[in-house]
Amino acid sequence: MRIVLDGMGGDNAPEEIVKGAVAAAEAISDEICIVGDPDAIEEQLKKCKYKGSQITIVPAHEVITMHDSPVKAIRHKTDSSMVVGLNMLKDGSGDMFVSAGNTGALIVGSRLLLGRIRGIDRPALASVYPDMTGGDPCLLVDAGASSESKARNLLEYGLMGSVFVEKVWGRPEPRVGLVNLGAEESKGTSVTRDAYQMLASSKLNFVGNVEGRDVPKGVCDIIVCDGFTGNVILKLTEGLSLSIFKLIKNTLKSNFKAMVGGALVKSKLSGLKDEFDYEEYGGAPVLGVNGPVIKMHGSSTERAVKSAILRGIPYAKENVVDIIKNEMLEMAEYIEEE
């Protein structure tokens with residue numbers, strides 16, 4: 001298997017990208033191909049004292065920045081690390097593409113260069129979401145690829161998320177929940193009400209509407225919502241968790257007794273903090289396009305890059321894209337053609 005890595009995407013490229021690739025190479029036998037400025041990448045490999053042959057470099061002399069217009073960047077920066085990497089996935093010279101670059105550009109590039117899976121109206125970004133009760137994490141779909149969604153899109157998100165969770169995470173019959181402002185099927189907008197009926201009529205293991213307060217409780221394995229709502233949920237959770245840990249830290253330092261108590265629960269708190277750490281999960285798959293694409297956090301470090309590569313490998317090896325294609329053919333009867 002050949003993993004294609006965007007060497008110039010993200011806030012910490014290429015240093016942390018290369019370090020993450022080297023760390024991942026120590027854990028797997030697959031080839032890792034880093035796309036980007038050859039001199040800059042080679043310099044970082046030397047700093048890592050890497051002398052193996054498992055990591056190779058593919059030249060790309062342009063960079064898509066976080067400030068670039070997604071459509072213009074994909075169309076005009078054809079020698080960028082992102083476009084070159086996506087084209088490698090398209091022509092079969094790569095089996096999976098991983099990038100910490102511009103999210104909008106990656107979504108647009110995946111859609112334009114790889115194409116959508118037949119029957120998928122809009123690709124979605126799927127992000128790992130922690131279960132705050134201590135259970136297994138959930139998959140939130142969509143996490144920001146499309147700010148608005150139609151009912152059929154929400155059904156597609158549930159389908160694609162179910163295939164991913166079952167095949168990559170190994171959970172049979174994963175539970176699908178629809179984010180809404182009430183548990184009753186009559187609640188919500190016309191879109192969510194229609195989506196409820198479509199999900200309930202499908203073969204998915206649909207458990208109904210999920211209110212915002214229940215999202216962190218692990219009541220389902222796939223959290224379905226439009227990209228605007230999903231992105232707000234993710235960022236609110238991230239900000240809230242950081243604030244809570246900061247508050248706990250300050251409280252435990254407030255006096256001697258608190259410091260003693262803090263020392264006793266330090267390991268427990270560290271484990272809890274890992275549940276909210278995006279670097280632990282690595283990246284989010286772009287579902288609905290013709291190829292395994294993984295989006296990493298823009299500020300990903302070595303640890304996050306390594307996690308994204310290792311956790312993303314089953315996405316390619318389990319042929320999730322092909323399974324989604326087959327499922328969409330069976331699901332066609334539940335989706336109204338427009």
- Of the residues that make up the range 26-37, is at least one within 17 Å of VAL305 (Cα to Cα), among the small types (Gly, Ala, Ser) and crowded, with 24+ Cβ neighbours inside 10 Å? yes
- Query: If the Cβ limit is 6 Å and pairs must be 6+ apart or interchain, which residue in the range 1-21 that is in contact (Cβ under 8 Å) with a residue 40 or more places away in the chain pairs with which residue that is assigned to a helix (DSSP H, G or I) and of a type in the set (S, T, N, Q)?
  - Reply: ASP6/SER81; GLY7/SER81; MET8/SER81
- Query: Does ASN205 satisfy the criteria of being in contact with a strand residue (DSSP E or B) (Cβ under 6 Å, 6 or more places away or on another chain) and surrounded by fewer than 23 Cβ atoms within 10 Å (Cβ to Cβ)?
  - Reply: yes
- Message: Suppose we filter ILE28, ILE17 for residues that are of a type in the set (Val, Ile, Thr) and within 19 Å of the chain's Cα centre (by Cα); which single one remains?
- Response: ILE17
- Note on the structure: Considering residues that are closer than 21 Å to ASP214 by Cα and either over 20 Å from the mean Cα position of the chain (by Cα) or assigned to a loop (DSSP other than H, G, I, E, B) (or both), the number found within the range 155-196 is 18
- Task: Take the range 31-67 and flag every residue that is modelled with pLDDT of 95 or more, under 24 Å from the mean Cα position of the chain (by Cα) and more than 15 Å from SER99 (Cα to Cα).
- Result: GLU31, ILE55
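The values are calculated or read from the model by the stated rules, or taken from the named source; none is laboratory data. Remember, predicted model here, so these are calculated numbers, not experimental data. Every residue, glycine as well, gets a Cβ built from its backbone with ideal geometry; the counts of neighbours run over all protein chains shown.
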